[in-house]
Amino acid sequence: MTSTYITLGILYLVQGFPYGIQSGLLPVLLRTQGLSLSQIGLTRVLYLPWLLKVFWSPLVDGHLSRRVWLRLSTGGLCICCLLCSLLPSGATFTPLAWLLLLMHVFSSLQDVALDAVSVAVLTREQVGVGNSLQVVAYKLGSVLAGGGSLTLLEALGWRPIFLLLAAAYFLAVLCVGARVLQSEESARRVDLKNPYSKVGLREVIRKVLWVPGTMWTCGYVLMYKLGEQGSLSMVPLLLLDQGVSAAELGVFSGIISVVLSIAGSVFGGALLTKDRSLPSLLRATLCLRSLCLVLQTMLLRALRPDARLLHVCILLSLVLQHFLAGIITTVTFSLMMHCTQQADKSIQATHYSLLSSLEVLGKVCFSAISGLLVDYLGVSVSFSLFIVFSCLPVLHLQSTPPTLK
(Lines give C-alpha, C1' and ligand atoms only; values in the text may rest on other atoms or scores of the structure.)
Protein backbone atom coordinates (compact mmCIF):
# COMPACT_ATOMS: atom_id res chain seq x y z
CA MET A 1 0.00 0.00 0.00
CA THR A 2 3.00 2.29 0.52
CA SER A 3 3.67 2.42 -3.22
CA THR A 4 0.05 3.46 -3.78
CA TYR A 5 0.36 6.36 -1.35
CA ILE A 6 3.68 7.46 -2.91
CA THR A 7 2.29 7.43 -6.46
CA LEU A 8 -0.89 9.28 -5.52
CA GLY A 9 1.11 11.76 -3.42
CA ILE A 10 3.46 12.69 -6.29
CA LEU A 11 0.60 13.20 -8.74
CA TYR A 12 -1.43 15.30 -6.28
CA LEU A 13 1.72 17.31 -5.49
CA VAL A 14 2.21 18.52 -9.06
CA GLN A 15 -1.54 19.07 -9.41
CA GLY A 16 -1.25 21.87 -6.84
CA PHE A 17 1.24 23.93 -8.90
CA PRO A 18 -1.33 25.93 -10.97
CA TYR A 19 -3.34 26.82 -7.85
CA GLY A 20 -0.17 28.04 -6.11
CA ILE A 21 0.78 30.24 -9.06
CA GLN A 22 -2.76 31.63 -9.30
CA SER A 23 -3.34 32.26 -5.59
CA GLY A 24 0.17 33.00 -4.30
CA LEU A 25 2.30 34.50 -7.06
CA LEU A 26 -0.19 36.21 -9.40
CA PRO A 27 -2.13 38.47 -6.94
CA VAL A 28 1.03 40.05 -5.49
CA LEU A 29 2.51 40.62 -8.96
CA LEU A 30 -0.72 42.26 -10.15
CA ARG A 31 -1.07 44.39 -7.02
CA THR A 32 2.48 45.71 -7.42
CA GLN A 33 1.50 46.67 -10.99
CA GLY A 34 -1.33 48.83 -9.64
CA LEU A 35 -4.43 46.66 -10.22
CA SER A 36 -7.38 47.15 -7.86
CA LEU A 37 -8.65 44.50 -5.45
CA SER A 38 -11.74 44.09 -7.64
CA GLN A 39 -9.65 43.44 -10.76
CA ILE A 40 -7.43 40.96 -8.95
CA GLY A 41 -10.48 39.17 -7.54
CA LEU A 42 -11.97 38.80 -11.01
CA THR A 43 -8.89 36.85 -12.16
CA ARG A 44 -10.54 33.92 -10.33
CA VAL A 45 -12.43 33.38 -13.59
CA LEU A 46 -9.31 31.46 -14.67
CA TYR A 47 -10.52 28.66 -12.37
CA LEU A 48 -13.43 28.06 -14.76
CA PRO A 49 -12.11 24.67 -16.00
CA TRP A 50 -12.42 23.32 -12.44
CA LEU A 51 -16.11 24.19 -12.48
CA LEU A 52 -16.65 22.48 -15.82
CA LYS A 53 -14.73 19.27 -15.15
CA VAL A 54 -17.92 17.40 -14.25
CA PHE A 55 -18.93 17.67 -17.92
CA TRP A 56 -15.86 15.85 -19.19
CA SER A 57 -15.64 13.28 -16.40
CA PRO A 58 -17.84 10.86 -18.43
CA LEU A 59 -15.27 11.22 -21.22
CA VAL A 60 -12.49 10.14 -18.86
CA ASP A 61 -14.51 7.14 -17.63
CA GLY A 62 -15.81 6.08 -21.02
CA HIS A 63 -12.82 6.50 -23.34
CA LEU A 64 -9.15 5.53 -23.23
CA SER A 65 -7.59 4.52 -19.92
CA ARG A 66 -6.99 6.63 -16.86
CA ARG A 67 -3.25 6.16 -17.30
CA VAL A 68 -3.50 7.71 -20.77
CA TRP A 69 -5.51 10.66 -19.42
CA LEU A 70 -2.96 11.17 -16.64
CA ARG A 71 -0.07 11.12 -19.12
CA LEU A 72 -1.79 13.57 -21.48
CA SER A 73 -2.77 16.02 -18.75
CA THR A 74 0.53 15.92 -16.83
CA GLY A 75 2.51 16.21 -20.06
CA GLY A 76 0.39 19.18 -21.09
CA LEU A 77 1.17 20.88 -17.78
CA CYS A 78 4.88 20.32 -18.38
CA ILE A 79 4.63 22.03 -21.79
CA CYS A 80 2.69 24.96 -20.29
CA CYS A 81 5.44 25.56 -17.73
CA LEU A 82 8.04 25.51 -20.49
CA LEU A 83 6.03 28.13 -22.39
CA CYS A 84 5.73 30.25 -19.20
CA SER A 85 9.51 30.16 -18.85
CA LEU A 86 9.79 31.82 -22.27
CA LEU A 87 7.76 34.85 -21.15
CA PRO A 88 9.79 37.90 -20.05
CA SER A 89 9.50 38.77 -16.34
CA GLY A 90 7.79 42.06 -17.20
CA ALA A 91 5.28 40.49 -19.60
CA THR A 92 1.71 41.76 -19.71
CA PHE A 93 -1.01 39.86 -17.91
CA THR A 94 -2.73 38.53 -21.07
CA PRO A 95 -0.23 35.84 -22.22
CA LEU A 96 0.27 34.61 -18.66
CA ALA A 97 -3.50 34.47 -18.15
CA TRP A 98 -4.01 32.30 -21.24
CA LEU A 99 -1.27 29.91 -20.16
CA LEU A 100 -2.71 29.74 -16.62
CA LEU A 101 -6.14 29.00 -18.06
CA LEU A 102 -4.64 26.16 -20.13
CA MET A 103 -2.84 24.86 -17.04
CA HIS A 104 -6.14 24.78 -15.14
CA VAL A 105 -7.71 22.81 -18.02
CA PHE A 106 -4.98 20.16 -17.87
CA SER A 107 -4.90 20.17 -14.07
CA SER A 108 -8.67 19.68 -13.76
CA LEU A 109 -8.52 16.89 -16.34
CA GLN A 110 -5.77 15.23 -14.34
CA ASP A 111 -7.87 15.64 -11.20
CA VAL A 112 -10.82 13.74 -12.71
CA ALA A 113 -8.65 10.76 -13.64
CA LEU A 114 -6.65 10.80 -10.39
CA ASP A 115 -9.72 11.09 -8.14
CA ALA A 116 -11.31 8.17 -9.98
CA VAL A 117 -8.17 6.10 -9.31
CA SER A 118 -8.20 7.11 -5.62
CA VAL A 119 -11.86 6.17 -5.15
CA ALA A 120 -11.17 2.79 -6.80
CA VAL A 121 -8.00 1.78 -4.96
CA LEU A 122 -8.66 3.13 -1.44
CA THR A 123 -10.76 1.05 0.93
CA ARG A 124 -13.15 2.69 3.40
CA GLU A 125 -10.54 2.23 6.13
CA GLN A 126 -7.89 3.97 3.99
CA VAL A 127 -10.04 6.95 2.98
CA GLY A 128 -8.94 9.11 5.94
CA VAL A 129 -5.21 8.57 5.32
CA GLY A 130 -5.68 8.81 1.56
CA ASN A 131 -7.52 12.13 1.72
CA SER A 132 -5.03 13.50 4.22
CA LEU A 133 -2.27 12.58 1.76
CA GLN A 134 -4.22 14.13 -1.12
CA VAL A 135 -4.76 17.45 0.65
CA VAL A 136 -1.22 17.59 2.06
CA ALA A 137 0.42 16.83 -1.30
CA TYR A 138 -1.80 19.30 -3.16
CA LYS A 139 -1.09 22.07 -0.65
CA LEU A 140 2.61 21.30 -0.63
CA GLY A 141 2.57 21.67 -4.41
CA SER A 142 0.74 24.98 -4.11
CA VAL A 143 3.22 26.36 -1.57
CA LEU A 144 6.18 25.32 -3.74
CA ALA A 145 4.71 27.00 -6.82
CA GLY A 146 3.14 29.98 -5.02
CA GLY A 147 4.94 31.11 -1.88
CA GLY A 148 8.19 29.43 -2.90
CA SER A 149 8.21 31.12 -6.31
CA LEU A 150 7.29 34.48 -4.79
CA THR A 151 10.11 34.21 -2.24
CA LEU A 152 12.74 33.07 -4.76
CA LEU A 153 11.63 35.24 -7.69
CA GLU A 154 14.22 37.97 -7.09
CA ALA A 155 17.03 35.49 -6.40
CA LEU A 156 16.49 33.02 -9.26
CA GLY A 157 14.46 34.94 -11.81
CA TRP A 158 11.32 34.07 -13.75
CA ARG A 159 12.70 31.50 -16.21
CA PRO A 160 14.53 29.11 -13.80
CA ILE A 161 11.44 28.89 -11.57
CA PHE A 162 9.20 27.67 -14.38
CA LEU A 163 11.89 25.36 -15.72
CA LEU A 164 12.01 23.71 -12.29
CA LEU A 165 8.22 23.31 -12.33
CA ALA A 166 8.40 21.78 -15.82
CA ALA A 167 11.05 19.29 -14.61
CA ALA A 168 8.77 18.27 -11.73
CA TYR A 169 5.92 17.61 -14.17
CA PHE A 170 8.22 15.52 -16.34
CA LEU A 171 9.11 13.33 -13.36
CA ALA A 172 5.41 12.99 -12.56
CA VAL A 173 4.75 11.72 -16.09
CA LEU A 174 7.23 8.92 -15.40
CA CYS A 175 5.27 8.00 -12.24
CA VAL A 176 2.10 7.43 -14.25
CA GLY A 177 3.39 3.98 -15.23
CA ALA A 178 3.38 2.83 -11.60
CA ARG A 179 2.06 -0.63 -10.74
CA VAL A 180 -0.88 0.74 -8.74
CA LEU A 181 -2.26 2.44 -11.85
CA GLN A 182 -1.73 -0.70 -13.92
CA SER A 183 -3.66 -2.84 -11.43
CA GLU A 184 -6.45 -0.28 -11.19
CA GLU A 185 -6.72 -0.20 -14.96
CA SER A 186 -6.98 -4.00 -15.15
CA ALA A 187 -9.77 -4.02 -12.55
CA ARG A 188 -11.54 -1.27 -14.43
CA ARG A 189 -11.64 -3.32 -17.65
CA VAL A 190 -13.55 -6.00 -15.75
CA ASP A 191 -15.97 -3.55 -14.09
CA LEU A 192 -16.73 -1.61 -17.27
CA LYS A 193 -17.57 -4.29 -19.80
CA ASN A 194 -20.62 -2.16 -20.56
CA PRO A 195 -19.33 1.40 -20.13
CA TYR A 196 -21.89 3.92 -18.99
CA SER A 197 -20.68 6.22 -21.75
CA LYS A 198 -23.25 4.36 -23.86
CA VAL A 199 -25.99 5.46 -21.47
CA GLY A 200 -27.76 8.75 -22.05
CA LEU A 201 -26.58 11.82 -20.18
CA ARG A 202 -29.95 12.22 -18.50
CA GLU A 203 -29.74 8.70 -17.07
CA VAL A 204 -26.20 9.35 -15.79
CA ILE A 205 -27.35 12.55 -14.03
CA ARG A 206 -30.33 10.73 -12.51
CA LYS A 207 -28.10 7.94 -11.16
CA VAL A 208 -25.61 10.43 -9.72
CA LEU A 209 -28.21 12.55 -7.94
CA TRP A 210 -29.99 9.53 -6.47
CA VAL A 211 -26.90 8.35 -4.58
CA PRO A 212 -27.80 8.61 -0.84
CA GLY A 213 -26.68 11.90 0.74
CA THR A 214 -25.67 13.53 -2.56
CA MET A 215 -27.96 16.57 -2.44
CA TRP A 216 -27.05 17.33 1.19
CA THR A 217 -23.33 17.01 0.41
CA CYS A 218 -23.70 19.29 -2.62
CA GLY A 219 -25.20 21.99 -0.41
CA TYR A 220 -22.48 21.63 2.21
CA VAL A 221 -19.49 21.76 -0.17
CA LEU A 222 -20.96 24.84 -1.86
CA MET A 223 -21.00 26.87 1.35
CA TYR A 224 -18.34 25.52 3.72
CA LYS A 225 -15.48 27.68 2.36
CA LEU A 226 -17.31 30.96 1.64
CA GLY A 227 -16.27 33.14 4.58
CA GLU A 228 -12.85 31.55 4.78
CA GLN A 229 -12.04 32.25 1.13
CA GLY A 230 -13.10 35.87 1.40
CA SER A 231 -10.74 36.38 4.31
CA LEU A 232 -7.77 34.40 2.99
CA SER A 233 -7.84 36.10 -0.40
CA MET A 234 -8.12 39.66 0.96
CA VAL A 235 -5.94 39.76 4.10
CA PRO A 236 -2.55 39.46 2.29
CA LEU A 237 -3.50 42.23 -0.15
CA LEU A 238 -4.72 44.51 2.66
CA LEU A 239 -1.40 43.98 4.45
CA LEU A 240 0.47 44.71 1.23
CA ASP A 241 -1.36 48.06 1.04
CA GLN A 242 -0.17 48.84 4.59
CA GLY A 243 3.52 48.43 3.77
CA VAL A 244 4.16 44.74 4.41
CA SER A 245 6.69 43.58 1.79
CA ALA A 246 5.94 40.99 -0.89
CA ALA A 247 8.81 38.81 0.39
CA GLU A 248 7.39 38.84 3.94
CA LEU A 249 3.96 37.95 2.61
CA GLY A 250 5.55 35.16 0.61
CA VAL A 251 7.07 33.73 3.80
CA PHE A 252 4.01 34.10 6.05
CA SER A 253 1.10 33.75 3.63
CA GLY A 254 2.76 31.57 1.01
CA ILE A 255 4.98 29.26 3.07
CA ILE A 256 4.34 29.29 6.83
CA SER A 257 0.55 29.41 6.39
CA VAL A 258 0.53 26.55 3.93
CA VAL A 259 2.91 24.51 6.10
CA LEU A 260 0.44 24.98 8.97
CA SER A 261 -2.38 24.10 6.58
CA ILE A 262 -0.55 20.89 5.73
CA ALA A 263 -0.07 20.22 9.45
CA GLY A 264 -3.81 20.73 9.89
CA SER A 265 -4.52 18.26 7.10
CA VAL A 266 -2.25 15.67 8.73
CA PHE A 267 -3.93 16.29 12.09
CA GLY A 268 -7.35 15.94 10.46
CA GLY A 269 -6.32 12.62 8.92
CA ALA A 270 -5.06 11.43 12.32
CA LEU A 271 -8.39 12.34 13.92
CA LEU A 272 -10.21 10.37 11.24
CA THR A 273 -8.21 7.23 12.06
CA LYS A 274 -9.74 7.38 15.57
CA ASP A 275 -13.14 6.55 14.05
CA ARG A 276 -14.62 9.90 15.05
CA SER A 277 -17.94 11.20 13.75
CA LEU A 278 -17.35 13.30 10.63
CA PRO A 279 -20.19 15.79 11.33
CA SER A 280 -19.14 16.28 14.99
CA LEU A 281 -15.53 16.84 14.01
CA LEU A 282 -16.53 19.32 11.32
CA ARG A 283 -18.89 21.19 13.63
CA ALA A 284 -16.22 21.74 16.30
CA THR A 285 -13.56 22.89 13.81
CA LEU A 286 -15.93 25.18 11.93
CA CYS A 287 -16.86 26.93 15.19
CA LEU A 288 -13.16 27.51 15.97
CA ARG A 289 -12.68 28.92 12.47
CA SER A 290 -15.52 31.40 12.99
CA LEU A 291 -13.98 32.59 16.26
CA CYS A 292 -10.63 33.06 14.51
CA LEU A 293 -12.33 35.13 11.81
CA VAL A 294 -13.98 37.33 14.47
CA LEU A 295 -10.57 38.00 16.04
CA GLN A 296 -9.06 38.74 12.64
CA THR A 297 -11.83 41.20 11.80
CA MET A 298 -11.25 43.10 15.06
CA LEU A 299 -7.53 43.37 14.26
CA LEU A 300 -8.19 44.58 10.70
CA ARG A 301 -10.42 47.39 11.94
CA ALA A 302 -7.41 48.86 13.78
CA LEU A 303 -4.99 48.31 10.87
CA ARG A 304 -2.61 51.17 9.98
CA PRO A 305 0.79 51.39 8.21
CA ASP A 306 2.94 52.06 11.30
CA ALA A 307 1.42 49.34 13.52
CA ARG A 308 4.09 46.66 13.16
CA LEU A 309 2.85 44.56 16.08
CA LEU A 310 -0.65 44.62 14.61
CA HIS A 311 0.72 43.40 11.27
CA VAL A 312 2.37 40.44 13.01
CA CYS A 313 -0.83 39.60 14.92
CA ILE A 314 -2.85 39.60 11.70
CA LEU A 315 -0.27 37.38 10.00
CA LEU A 316 -0.45 34.97 12.96
CA SER A 317 -4.26 34.91 12.73
CA LEU A 318 -3.84 34.04 9.06
CA VAL A 319 -1.55 31.16 10.00
CA LEU A 320 -4.08 29.83 12.53
CA GLN A 321 -6.85 30.13 9.96
CA HIS A 322 -4.84 28.03 7.51
CA PHE A 323 -4.29 25.35 10.17
CA LEU A 324 -8.02 25.07 10.82
CA ALA A 325 -8.72 25.13 7.08
CA GLY A 326 -6.42 22.11 6.66
CA ILE A 327 -8.42 20.08 9.17
CA ILE A 328 -11.74 21.12 7.65
CA THR A 329 -10.65 20.36 4.07
CA THR A 330 -9.36 16.87 4.88
CA VAL A 331 -12.49 15.89 6.81
CA THR A 332 -14.73 17.37 4.10
CA PHE A 333 -12.97 15.45 1.32
CA SER A 334 -13.36 12.26 3.34
CA LEU A 335 -17.06 13.03 3.68
CA MET A 336 -17.27 13.50 -0.10
CA MET A 337 -15.46 10.23 -0.77
CA HIS A 338 -17.69 8.30 1.66
CA CYS A 339 -20.67 9.65 -0.25
CA THR A 340 -19.15 8.68 -3.62
CA GLN A 341 -18.28 5.15 -2.47
CA GLN A 342 -22.02 4.51 -2.08
CA ALA A 343 -22.45 5.06 -5.83
CA ASP A 344 -22.21 2.40 -8.51
CA LYS A 345 -18.65 1.98 -9.79
CA SER A 346 -19.70 3.00 -13.27
CA ILE A 347 -20.55 6.54 -12.11
CA GLN A 348 -18.07 7.11 -9.28
CA ALA A 349 -15.76 9.39 -11.29
CA THR A 350 -18.68 11.54 -12.41
CA HIS A 351 -20.19 11.60 -8.92
CA TYR A 352 -16.98 12.70 -7.22
CA SER A 353 -16.30 15.22 -9.99
CA LEU A 354 -19.72 16.76 -9.35
CA LEU A 355 -18.97 17.19 -5.65
CA SER A 356 -15.46 18.54 -6.20
CA SER A 357 -16.69 20.92 -8.94
CA LEU A 358 -19.26 22.37 -6.56
CA GLU A 359 -16.57 22.63 -3.88
CA VAL A 360 -14.47 24.72 -6.27
CA LEU A 361 -17.52 26.71 -7.40
CA GLY A 362 -18.22 27.97 -3.88
CA LYS A 363 -14.60 28.96 -3.31
CA VAL A 364 -13.98 30.59 -6.69
CA CYS A 365 -17.20 32.59 -6.90
CA PHE A 366 -16.80 34.09 -3.46
CA SER A 367 -13.09 34.76 -3.97
CA ALA A 368 -13.97 36.57 -7.20
CA ILE A 369 -16.44 38.93 -5.51
CA SER A 370 -14.58 39.37 -2.21
CA GLY A 371 -12.49 42.17 -3.73
CA LEU A 372 -15.65 43.94 -4.87
CA LEU A 373 -17.13 43.64 -1.38
CA VAL A 374 -14.04 45.13 0.27
CA ASP A 375 -13.75 47.93 -2.33
CA TYR A 376 -17.39 49.01 -2.09
CA LEU A 377 -18.46 48.05 1.46
CA GLY A 378 -15.22 48.54 3.34
CA VAL A 379 -13.23 46.14 5.50
CA SER A 380 -15.53 46.11 8.55
CA VAL A 381 -18.78 45.38 6.70
CA SER A 382 -17.31 42.88 4.25
CA PHE A 383 -15.50 40.89 6.94
CA SER A 384 -18.66 40.88 9.06
CA LEU A 385 -20.36 39.22 6.09
CA PHE A 386 -17.51 36.70 5.93
CA ILE A 387 -18.22 35.79 9.57
CA VAL A 388 -21.91 35.24 8.80
CA PHE A 389 -21.09 33.01 5.83
CA SER A 390 -18.63 30.99 7.91
CA CYS A 391 -21.46 30.10 10.32
CA LEU A 392 -23.79 28.71 7.60
CA PRO A 393 -22.16 25.25 7.29
CA VAL A 394 -22.44 24.77 11.07
CA LEU A 395 -26.20 25.13 10.78
CA HIS A 396 -26.28 22.85 7.72
CA LEU A 397 -24.56 20.06 9.69
CA GLN A 398 -27.60 19.84 11.98
CA SER A 399 -29.40 17.96 9.20
CA THR A 400 -26.65 15.49 8.23
CA PRO A 401 -28.24 12.37 6.60
CA PRO A 402 -27.76 9.07 8.47
CA THR A 403 -25.75 7.52 5.61
CA LEU A 404 -22.94 10.06 6.22
CA LYS A 405 -22.82 9.93 10.02
- [ ] Please work out how much accessible surface PHE55 shows to a 1.4 Å probe, ignoring ligands, DNA and RNA, in Å² rounded to 10.
- [x] 150
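In terms of solvent-accessible area of protein heavy atoms at a 1.4 angstrom probe, what is the ranking of ILE369, ILE387, highest value first?
Working: ILE369 75, ILE387 35 Å².
The residues order as ILE369, ILE387, largest area first.
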Task: With all protein chains modelled, accessible area of TRP56 [1.4 Å, Å²] - done: 60
Task: Most positive-pole-ward Cα, SER357, LEU320, LEU30, against dipole of the chain from beta carbon charges - done: SER357
Task: Mean separation of Cα contacts under 8 Å, 6 or more apart, over the residue count of the chain: relative contact order % - done: 30
Task: In Å², nearest 10: area of THR350 left accessible to a 1.4 Å probe - done: 10
Task: Inter-probe distance in nm under a simple model that places probes 7 Å from Cα toward Cβ, at ALA263 and LEU83 - done: 3.9
Task: Global form of segment 237-374, assessed from the alpha-carbon gyration tensor, a/c cut-off 1.5 - done: prolate
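Once R0 is set to 25 Å, what does the formula 1/(1 + (r/R0)^6) return for the Cβ-Cβ distance between MET215 and VAL45, expressed as a FRET efficiency to the nearest 0.05?
Values: r = 27 Å, r/R0 = 1.09.
Efficiency at R0 = 25 Å is approximately 0.35.
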Task: Solvent-accessible heavy-atom area per residue, rounded to whole Å², over the chain at 1.4 Å - done: 41
Open item on the list: Under the rule a/c < 1.5 gives rounded, and otherwise a/b versus b/c splits prolate from oblate, where does the chain land using the Cα gyration tensor?
Closed with: oblate
Task: Estimated [θ] at 222 nm from DSSP helical runs (n ≥ 4, -39500 (n - 2.57)) normalised by residues in the chain, nearest 500 - done: -25500 deg cm²/dmol
Task: Charge dipole of the chain about the Cα centre (unit charges at C-beta), most positive-ward option of VAL112, GLY371, GLY250 - done: VAL112
- [ ] Would you mind computing, in nm to one decimal, how far apart the modelled labels at LEU152 and VAL388 are, each placed 7 Å from Cα along Cα→Cβ?
- [x] 4.4
- [ ] Mind putting together the pair-distance distribution for segment 127-177? All Cα pairs, 10 Å bins, whole percent per bin, short to long.
- [x] 23, 42, 28, 8, 0
TODO: Only helices at least 30 Å long along their axis, Cα-based, and averaging 0.0 or more on Kyte-Doolittle count here, so list those DSSP H runs from the chain.
DONE: 93-121, 278-301, 308-340, 348-377
Open item on the list: Using a 1.4 Å probe on the protein heavy atoms, what percent of the accessible area of the chain belongs to carbon and sulfur?
Closed with: 69
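The values are calculated or read from the model by the stated rules, or taken from the named source; none is laboratory data. All of these numbers come straight from a predicted model, not from anything done at the bench. Glycine also receives a Cβ, built like all others from the backbone with ideal geometry; neighbour counts cover every protein chain displayed. To get the accessible areas, we keep the full protein, side chains included, count just its heavy atoms, and leave off ligands, DNA and RNA. Shrake-Rupley method; radii C 1.70, N 1.55, O 1.52, S 1.80 Å.
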